[in-house]
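None of the figures in this text is laboratory data; all of them are computed from the coordinates on show. For clarity, every value in this text was computed on a predicted model and none was experimentally measured. Methodologically, a virtual Cβ is constructed for each residue, glycine included, from the backbone with ideal geometry; neighbour enumeration extends over all protein chains shown.
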Amino acid sequence: MSISKIKCLVVDDEPLAADVIATFIGQLDNLTMLGKCDNAIAAMLFLQQHKVDLLFLDIQMPKLSGLDFLKTLSSRPAVILTTAYRDYAVDGFELNVLDYLLKPVSFERFLAAINKYQALRDTVTVHPGFLPLLHGVSAESFIYLKVDKKMIKVLLKDIICIESLNDYVKVRTVSQDIITYQRITYLEEKLPDEQFLRIHRSYIIVIDKIKSFSATLIDVGGLELPIGRQYKAEVMKALGHTER
């Protein structure tokens with residue numbers, strides 16, 4: 001059975017930088033280059049006409065920056081930012097990008113970003129209608145979690161909490177516990193902030209499942225979970241509580 005290749009688009013107004021990424025793409029059998037665009041407007045038209053899996057996007061471009069371009073997209077592929085400037089890293093991750101490559105990009109760093117995308121593709125498949133940070137959450141939003149070579153569909157509304165088990169996570173739902181090979185930080189980045197809250201280095205909870213909380217503990221679905229010291233301020237802010 002043939003494995004579908006990852007369809008890539010490179011958007012960069014610097015021809016040499018775009019050629020470097022295109023060369024790297026050509027060196028990996030599981031990637032295919034769909035096209036190159038030298039500005040965001042051309043990229044917008046390209047995305048309307050082609051299905052792209054992975055977008056390599058420069059930030060500083062004429063007419064429309066890469067970050068502003070991302071904000072215009074209601075539906076988009078996975079995005080890896082490419083730039084010569086470190087200052088945009090926080091902005092990029094607030095827009096839920098997959099990775100951030102600093103120019104000049106080395107093949108080793110490029111490969112690490114591709115491996116991150118492959119882990120996303122193999123382990124967690126997000127329903128196309130689920131666009132965290134952009135459209136909120138509907139009752140039917142779901143994720144697929146890989147368990148024993150099978151993909152298990154999990155409705156977001158059924159999740160109670162997520163527990164880190166080092167390189168694995170346990171996803172507790174209303175009907176079962178699911179253990180999948182994944183880092184909790186990755187899931188934290190992909191799940192919508194308005195519904196999910198990181199309360200501890202080992203726990204993410206669902207806000208509407210909270211029964212009660214104190215300064216140190218949160219009761220979620222009958223489970224008493226600790227609030228980590230470094231997360232306390234953000235947790236209390238998210239829950240609308242200020243200590244006096």
Quick one: which residues, 5 or more positions from PHE213 or on another chain, have an amide H under 5 Å from its amide H? H modelled 1.01 Å from N in the peptide plane, none for Pro or chain starts. ASP219
In nm, to one decimal, how far is the modelled label at LEU223 from the one at ALA119, with both set 7 Å along Cα→Cβ? 2.2 nm
By how many nm would the segment from GLN60 to SER75 grow when fully extended, if each residue of separation counts as 0.36 nm and the alpha-carbon distance is taken off? 3.3 nm
Relative to a virtual label point 7 Å from the Cα of ILE179 in the Cα→beta-carbon direction, which members of region 139-172 show backbone nitrogen distances below 15 Å? 146-149, 163-172
So if we plug the beta-carbon distance of ARG109 and LYS149 into 1/(1 + (r/R0)^6) with R0 = 22 Å, what FRET efficiency do we get, rounded to 0.05? 0.15
I need the Kirkwood Rh of region 139-244: take the reciprocal of the average 1/r across all distinct C-alpha pairs and report it in angstrom. 14.1 Å
Modelled label-to-label distance, GLU14 and MET236, 7 Å Cα→beta-carbon offset: nm? 4.5 nm
Which pairs in the list LYS150/LYS190; LYS51/LYS157; LYS36/LYS146; LYS157/LYS211 are over 27 Å apart, alpha-carbon to alpha-carbon? LYS51/LYS157; LYS36/LYS146
Short version: ³J(HN,Hα) in whole Hz for each residue of region 168-180, in order, from phi by Karplus 6.51 cos²θ - 1.76 cosθ + 1.60 (θ = phi - 60°), x for Gly and Pro, what are they? 10, 10, 9, 9, 8, 10, 5, 10, 6, 9, 10, 10, 9
List the residues whose amide H sits under 5 Å from the amide H of ASP193, counting only those 5 or more places along or on another chain, with H placed 1.01 Å from N in the peptide plane. LEU133
Quick query: amide H of ILE227 versus all other amide H atoms, modeled in the peptide plane; which residues come in under 5 Å with a sequence gap of 5 or more or a different chain? LEU217, ILE218
Residue-by-residue Karplus 3J(HN,Hα) for region 8-23, coefficients 6.51, -1.76, 1.60, Hz, glycine and proline x: 10, 10, 10, 10, 7, 7, 9, x, 5, 5, 5, 5, 4, 5, 4, 5
Karplus (6.51, -1.76, 1.60) ³J(HN,Hα), θ = phi - 60°, over region 154-161, in Hz, Gly and Pro reported as x: 10, 6, 4, 5, 8, 6, 9, 7
